[in-house]
Amino acid sequence: MDPEGFGMPMRQRRKKQLLNRVARIEGHTGGIRRMLEAGRECEEILLQISAVQAAWKKLAEIIIEDHIEVCLAQAAAEGGAGAEAVRQLKSALARAHLIGSR
């Protein structure tokens, strides 16, 4: 596990993308605080909250997909589970709306 807690297989490029995505989410969350402080309309605030929820969901999808493509693929190569197991897991997660379907 690396010192930032991402696990060894996390690719550096992906890690940077994820950290940038979290920073954007944090900015939007601060926007919600400012909207509340300014007394903005409930509908506007709820729309922003919905956008932040969708952003967190997308972040989770990316992490899950990376886990499947890197960690499980590596485990399959070492243990013989094979690419079919990875495909089946991705399919199940997509059906459960935990990852985007492609």
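The values are calculated or read from the model by the stated rules, or taken from the named source; none is laboratory data. Since the structure is predicted, the reported quantities are computational estimates derived from the model, not experimental observations. Heads up, the Cβs are rebuilt from the backbone with ideal geometry, glycines too, and the neighbour counts pull from every protein chain shown.
Side notes on the structure shown:
- Residue match in the stretch 9-22 (condition: among the charged types (D, E, K, R), at pLDDT below 75 and not in a helix (DSSP H, G or I)): yes
- Within the option set 85, 54, 81, 94, being surrounded by 10 or more Cβ atoms within 10 Å (Cβ to Cβ) and modelled with pLDDT of 90 or more holds for one residue only, 54.
- The residue pairs whose first member lies in the stretch 1-25 and is of a type outside the set (A, V, I, L, M), whose second member is at pLDDT below 50, and whose beta carbons are closer than 7 Å, counting only pairs six or more residues apart or on different chains, are 2/8; 7/1; 15/6.
- In summary, residue 54 fulfils each of the numbered conditions (1) within 14 Å of the chain's Cα centre (by Cα); (2) under 22 Å from residue 13 (Cβ atoms); (3) hydrophobic (A, V, I, L, M, F, W, C); (4) outside any loop (DSSP other than H, G, I, E, B) with the single exception of condition (2).
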